[in-house]
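Where a number appears in this text, it was derived from the coordinates with a stated rule and is not lab data. Please read all numbers here as calculations on a predicted model, not as lab measurements. Cβ sites come from the backbone with ideal geometry, for glycine too, and all protein chains shown count toward neighbours.
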Amino acid sequence: MVADQSDDLFRSLFERSGVCIASLDATYRVLEANADLFHLLDRSAPEVTGRDFTDLLHPGVRAGLRRQFAKLAEGKRGRFSEHVVAMRPDGTVVAGNLTAVSVRANSRVAATTLVLIIPSNPAKSGRVVVDHSKVLTDVDARILEGVAAGVSTVQMASQLYLSRQGVEYHVSAMLRKLKAPNRPALVAKAYALGILSVATWPPRVLPDYVK
């Protein structure tokens, strides 16, 4: 009876806490999630349940989060917290603070991971529009990587078999696309939108943004 009451209490908190909650299996696929998480992601239960949790997140944060989950699985830590950005089907993203906790009922049962997300600026939904029409050509991507790495226009022109004017043309086009006033702002915005990976050097444009 006591166990049943505890389960009922957990179920009540799971569904009514106001915090986005998901339970993940050992491979970080979603076993169960509450209505708040479905609302945050703007997805239905069938669209979320059974999926790799990191696939629901922005490409720019996936690699780092997978490393953190791996440390949980290896027992190197019992919990961690990260700022994450999740993807919605309409191309918008929502930011929040994620806490993941490893939960093991007993030594015979594989550990599950409980994930809690508190959205940033919930009154404003914390949304930033990502226009997927603004994907880059392969040449744009290589030039953006060069700009982020501090490579000069002359060097990029030589590496990509373009003229200096050709490189400047591509840079100007990206400035317009990302609404950035100059090169430093272009790089900063590319990192903020997850176009440039935060986990690699030299800078790399994520494949999701290359035509």
Next item on the list: Please work out the C-alpha center-to-center distance from the stretch 40-74 to the stretch 137-200 and express it in whole Å.
Entry: 29 Å
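Local charge sum around residue 89 (other residues, Cβ-Cβ under 9 Å, Lys/Arg +1, Asp/Glu -1)?
Working: positive: 43, 88; negative: 42, 47, 90.
Taking every other residue near residue 89 into account, the sum is -1.
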Notebook entry, point to check: Once the other residues with Cβ under 15 Å from the Cβ of residue 187 are scored (Lys, Arg +1; Asp, Glu -1), what is the net sum?
Noted result: +4
